[in-house]
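Following: one structure in structure tokens, then a few remarks.
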Amino acid sequence: MKRFGLILLAALAAAPLAAQDSAPVPPAAPAPAPVEPAPRVSIEDAYKKEYAFLEAQKRELSARIAEVRRNLESDRARLEREIAGFESRALAARSEAESLGEELVRTQERAQVAAGNRELVAATLEQARISLGQLGENRLETAEFAASPDADRLQTAFGTALETLAQLGTVRQENGSFFLADGTEVQGTLVRLGNIAAFGVSPQGAGALAPAGGGRLKLWNQPSSEAAQALAQGRMPAVLPAYLYDNPNAAVSEPEVKTMAGEAAKGGPIGYLILLLGALALVLVALRAVFLKRAGASISHILEGVEAPLRANRIDDAIAACKRFKGSAARVVTATLRNLEREREHLEDIVSESILHESTHLSRFGAVITVVAAVAPLLGLLGTVTGMIQTFDVITEFGTSDPKLLSGGIAVALVTTQLGLIVAIPLLLLGSVLNGWAERIKDDMEKAALKVINLAGEVRHRAGLAKAA
């Protein structure tokens, strides 16, 4: 395109000259001075010059392009070498960073272990200080010990502990005070068996000692005066009645002696009500047993008394013999004897009516016993719920810092349930036994009445046969 533009410019430059040659001749004017004609420009020459110029530029540009390519290749090779070097250094830096990261992790782990060891050392030293302080050893309480390095403090703590253990493992005597059984504090000799038992000897009393709280000691309630005297004189008795303890600062209370009256008192008014109902039910059980025994024991005697007159067909004598006995069985047999002349079906109805009438006497007190057996556990449950409510009120007010208080309240609350079950279980068993006994007596009365009916029928049958003969 550039070459074509140059040719076009040359043509345009030659065009005015050609037009000038072909234009009409204007009117003649005064002849000017003669002018030298302009030189003629050849388009072909201009094109050849332009072509030669362009060829020269092409060669120059080709040379420049070749040079640029050489430079680019050189720069690319150099840059590739630099990139490879950068990549090598980057890989080395990454590897070094990973190594440094791993070393940092190991360093942090060692730091954590060191911190844990320091905390463990501090906890060990604190525990040693407290434990040895409870045993009367105060060397770990000094400022010099606190300012020492950890290694020196550990060595001192373990050395002191070993010395203390060696000292506590021996039987030693010392002057001191202790409390007698009545609370009087007396001075005397304390014989310590390590740190687990102690004996006290004084003119006012001697024996095994138990912790009284605050590091003080008191006489235990078991007789051990002779053993204490022997230890004070340097002799070891054959039997050593000692009270073993693990903490002399915790007071030991005397074990509670449980009695029936004391346990009933823990149940409160509901407990007393349960016991009262139980006592009443037991009395009724005894009375009903007496009634049933009398009613059951007389049946065989009644049958023996009426059998002979009845076989002789002396009904009045049989009735008189039956009246000599008292009780339900006698009344049922008497009613049977008085109605022997009636038809058998009617007589059996009379016997059934008599037995039903006597069932009221045989079932006497049975309903009351059953009711008490059913109500006693419910009363016990009521007492337990009431006691638990009171226990939780105490917990709400004072918290649960004292487990003994909590367990004691729950134990007292459960006393009423225990009393209710103690009353209900025997009453259920005894009530069932007595009801079964009453049913057997009813069956025996029915059998006795049927026996009387059958015996009377046999007598009448024999009498009929005799008359027919």
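Can you confirm whether A84 is in contact with a Lys or Arg (Cβ under 9 Å, 6 or more places away or on another chain) and of a type outside the set (S, T, Y)?
When the stated conditions are applied, A84 does not pass them.
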message: For the structure I just gave you, tell me whether A166 is at pLDDT below 80, aliphatic (A, V, I, L, M) and outside any helix (DSSP H, G or I).
response: no
Filtered residues of the stretch 225-237 (kept if among the aliphatic types (A, V, I, L, M) and exposed (fewer than 10 other Cβ atoms within 10 Å of the Cβ)): M236
field: Criterion (assigned by TED's automatic domain parsing to the domain that holds G327 and either modelled with pLDDT under 80 or within 30 Å of A295 (Cβ to Cβ) (or both)) met by exactly one of G387, G408, G380
entry: G408
Residue that is surrounded by 12 or more Cβ atoms within 10 Å (Cβ to Cβ) and within 20 Å of G133 (Cα to Cα), where the choices are L219, L240, L193: L193
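Matching residues to (1) modelled with pLDDT of 85 or more; (2) out of contact with any Ser or Thr (no Cβ under 9 Å at 6 or more places or on another chain); (3) surrounded by 13 or more Cβ atoms within 10 Å (Cβ to Cβ):
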site	(1), (2), (3)
E397	no, yes, no
D402	no, yes, no
I441	no, no, yes
K451	no, yes, yes
E458	no, yes, no
R462	no, yes, no
message: Given the criterion under 26 Å from E137 (Cβ atoms) and outside the structural domain of E137 (by TED's automatic domain parsing), identify the matching residue among G183, G205, G215.
response: G215
task: State yes or no: is A157 crowded, with 16+ Cβ neighbours inside 10 Å, within 42 Å of the chain's Cα centre (by Cα) and not aromatic (F, W, Y)?
output: yes
query: Only one of (1) loosely packed, with under 10 Cβ neighbours inside 10 Å; (2) modelled with pLDDT of 90 or more; (3) not hydroxyl-bearing (S, T, Y) is not met by L72, so which one is it?
result: (1)
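The values are calculated or read from the model by the stated rules, or taken from the named source; none is laboratory data. Treat the numbers as computed from the prediction; the structure is a model and nothing was measured. Glycine also receives a Cβ, built like all others from the backbone with ideal geometry; neighbour counts cover every protein chain displayed.
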